[in-house]
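Bear in mind that the values in this text are calculations on the coordinates, not laboratory data. As the structure is a computational prediction, the values presented were derived from the model and not from experiment. Cβ sites come from the backbone with ideal geometry, for glycine too, and all protein chains shown count toward neighbours.
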Amino acid sequence: MKEFRNPSNIHSPVAAYTHQIEVTGNTRWLVLSGQLGKDEKGFVSDDPINQIEIALDNIKKNLQAANMEVKDLVKVVFYLVGDMDNLKRREIISKFFDGHMPCMTMLYVTALADPSFKVEIDAWGSSDI
């Protein structure tokens, strides 16, 4: 079971995420390696917004392979490099989560493992057994 909470004694979330999620009971955990903006054919777009879309799609495909859904995500960490359209970034992320609000961290970093990568997304999911 997952209980989503935003404690009243700290600030409200500054975006569409939840401060804490407690997972209890008989639970399956799925831990994903960082997913890149690289598609199944090896294509990496120069556009960081397109890389976000591809990385999120890779997360969805991983979830499907484990018989999980986006609503099963409990923690997501975005690693982003360089400038990008923040409004478009928020729009894509919001569409992907469709009202689901996992715990979330977003970091801008100097570089990722390869200079062509502008996005890497780390995710954890859980579902009841």
> Can you pull out the strands (runs of 3 or more DSSP E) entirely within segment 26-129 that have at least 2 residues that are over 25 Å from SER12 (Cβ atoms) and in contact with a Leu (Cβ under 7 Å, 6 or more places away or on another chain)?
Replying inline: 119-128
> Within segment 1-11, which residues are free of Cβ contacts under 8 Å to residues at least 24 places away in the same chain and assigned to a strand (DSSP E or B)?
Replying inline: GLU3, ARG5
> From VAL14, VAL74, VAL44, VAL81, which residue is in contact (Cβ under 8 Å) with a residue 60 or more places away in the chain and either over 11 Å from the mean Cα position of the chain (by Cα) or surrounded by fewer than 14 Cβ atoms within 10 Å (Cβ to Cβ) (or both)?
Replying inline: VAL44
>> Looking at segment 3-23 only, could you name the residues that are more than 14 Å from VAL76 (Cα to Cα) and aromatic (Phe, Trp, Tyr)?
In response: PHE4
> Which condition does VAL74 not pass, out of (1) over 21 Å from THR110 (Cα atoms); (2) out of contact with any Lys or Arg (no Cβ under 7 Å at 6 or more places or on another chain); (3) not small (Gly, Ala, Ser), if it passes all the others?
Replying inline: (2)
